[in-house]
Every structure is written in structure tokens, then in C-alpha cells.
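Remarks on the structure that follows.
No value in this document is a laboratory result; all are computed from the given coordinates. What you see is a predicted model, and the numbers here were worked out from it, not measured in a lab. Glycine gets a Cβ as well: all are built from the backbone with ideal geometry, and neighbour counts include every protein chain shown.
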Amino acid sequence: MQIGFHTDAFNSSYWNFDKCLAWAEANGVHFIECGLIDGVSWIHGLGYQPHIALYQDPLLLRRKMERMGVQFSQLDAAYPLSGSDGPLYGVPYVLKSIPWAKLAGCPRIATTDGLHRPEGLNDDEAMELMKRSYGQIVEVGEAYEITVNIEVHGYFTTNPDRLAQMLARAQGKLIHRPLTRVSPLAVPILLEIGRETVYGEAQDAILAEAAKTLVDEVLDERPPVPRSLARRAPAPNALAADLGPESAPSRARGLNRKSADDAGRRARKPEGRRDSLDPRR
């Protein structure tokens, strides 16, 4: 397994792409993904955006990255293709990104549907629109031997029925591989299962510790149980579990009754019995 990162991670830091490359080189991360800008952006031009523009030379950038031991894992050409303006703006943008990715040595590009339901179209119309758009995109992708991915975080791709409809069109072209260990793509899902609310600064520390443990497990390093998990209080019925086969509630009642009986015997003396210091004995 090989791990990389998306330069989106440095959006809030206002890094430029060169600084992201330097970070990857310094930290031994050899795969990087970034967004492609179609046109000129003043934020990018002034060095405050960690992405690259299509006007930059892909061959020169590729050589620079090779000297730093970094390569593209994927390029983000994610203009929403589900809206009415998808064929007008999104398709030309993606089609220009494919040959650029080929020259840059990148094997795949990412596309997407929109986050919200497209205005002016019903769902069936939008799906048909995307079908025609992806027909053009896939044809060019095959010519350049570039894999076209659809990221699943939009209005249609997070709908199980619509996603199944998309996959049905690719029936016979999907490759299923059994995994021998947890996929890194499943880590965000695993972090959501059974989560408990934690307030304050400890929240980030616990999430970071849990994420590291899951990644280490994926890498087969078998780390120890995280401290946050090891310090959990025992379950309420942990004591009762060692007291016999009966149910926990009945064991609890038995313990309470036994304690009350012992206290009662200590509080009263049986009739006809005198203490050894009683002068009447």
C-alpha cells in the first residue's frame, strides 16, 4: 500500500504547490494529488493556492517532481457534471485535463457530480446529461490511457439507487479484489462507528490517535491498544460476570439482599443470648 495526500489539506494555510512538494519530499510522501485550474486565478498567481494551472508546463513540472521523489497519484478535475452547465464548462475542462495529466505522468483524474440537486432538471434528466458527458470523457480517457474516476460525495453518487444505476452501465468492466486487511479508504468510516462525544482539546488528540492506530494496522505494524481505549472504565456488569450463570440483574439483587441481611444480623442480638460481659450471666 502507498500513501499520498491531496494539497487541499493546505488550503487553509495558503501554501503554494511548490511548498506542498517540499513538504512531501521532507516527509517521505511520494504521491500527491492536487486540483487543476482552468484559466488564471490571482490567488494562485500570487502563491496562495496549493494547486496548479493548466497553463503550467506539465513536462517541466514532471521533471521537477521526479527530482524531489514525488509523483502525481491523481489530478482533480472535479467540475460538477450533473448540472445544466456541465456540458458547457465541465466537459471541456475535463477533456483538457486528460492530455495534461498524460504529459505530467499522472495515471488518473477525478471527476464528480454536484453537491446539490441541479436546478431546472429532474433527477432522470440530470442522469441522462451525465451519461452523455461521461461518454465523451471516457472516449478521450481511453485514447490517452487515463483512468477517469467519479468521486462519490455528490447528490447522485451518495444516493445508493443512483449509484447502482451508474455501476450497472459499467457492468463487466469492474474489477473486484478481495482485501487481506482494512483498506485506508475505510478508515474514515471506521472512525464514525460507535463514536462518543468528546469535548475540548482532547477531541483532536483522540481522533489522531485512533487514525494512527488504524493506519498502522493497515500497514501491518500491529501497534498496542491506544491509551484512550485502554483506560476505559469496566462495564457495569463486569463484577457480576464472575459470579455465576444467572442474569446480571438477579445477581445485583442477590448482592444487595445479602448486604442488607448481614447488616441486620449485626444490628440485633438473638433472644435468650447475653453478652459475655453481662453481669447477669
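Expressed in nm to one decimal, what extension gain is obtained for the pair ARG62 and ASN11 from 0.36 nm per residue of sequence separation less their Cα-Cα distance?
Details: separation 51, 0.36 × 51 = 18.36 nm, distance 2.21 nm.
This chain segment gains 16.1 nm when fully extended.
Just want the ordering: ASP18, ASP113, from fewest to most Cβ atoms lying within 10 Å of their own Cβ.
Numbers: ASP18 14, ASP113 28.
Fewest-to-most ranking of ASP18, ASP113: ASP18, ASP113.
Hey, for a label at ASN149 modelled as a point 7 Å past Cα toward Cβ, could you say which residues of segment 82-105 have their backbone N under 18 Å away?
In segment 82-105, the label zone of ASN149 (backbone N under 18 Å from the point 7 Å along Cα→Cβ) covers 94-95, 97-105.
From Cα pairs below 8 angstrom and at least 6 apart in sequence, can you work out the relative contact order of segment 4-176, rounded to a whole percent? Show your work: numbers first, answer last.
On the way: 283 pairs, mean separation 31.9, N = 173.
Once normalised by length, the contact order is 18 percent.
Limiting things to C-alpha atoms, what are the Rg and the maximum Cα-Cα separation (Dmax) for segment 1-100, in angstroms?
Over segment 1-100's Cα set, Rg and Dmax evaluate to 13.9, 43 Å.
Spelling out what I want: for every residue of segment 18-28, take phi, set θ = phi - 60°, compute 6.51 cos²θ - 1.76 cosθ + 1.60 (Karplus), and round to whole Hz; glycine and proline get x.
Listing the rounded values in order: 4, 5, 5, 4, 4, 5, 4, 5, 5, 9, x Hz.
Pairs LYS19/LYS131; LYS102/LYS131; LYS64/LYS131; LYS19/LYS96; LYS19/LYS212: which exceed 32 Å Cα-Cα?
Details: LYS19/LYS131 38 Å; LYS102/LYS131 24 Å; LYS64/LYS131 37 Å; LYS19/LYS96 25 Å; LYS19/LYS212 25 Å.
Listed pairs above 32 Å: LYS19/LYS131; LYS64/LYS131.
If each Cα of segment 71-158 is one equal point scatterer, what is log10 of I(q)/I(0) from the Debye formula at q = 0.13, 0.15, 0.24, 0.26 Å⁻¹?
Rounded to two decimals, the profile gives -0.38, -0.50, -1.14, -1.28.
Seen from all sides and averaged, what is the projected area of the convex hull of the Cα atoms in segment 4-176, in nm²? Present the calculation step by step, with values, prior to reporting the outcome.
Details: hull surface 43.1 nm².
Result: a mean projected hull area of 10.8 nm².
About the Cα centre of segment 40-141, what is the dipole size in debye to 20, counting +1 per Lys and Arg Cβ and -1 per Asp and Glu Cβ, all else neutral?
Values: 10 positive and 11 negative charges, 151 e Å.
With only Lys, Arg, Asp and Glu charged at Cβ, the dipole is about 720 debye.
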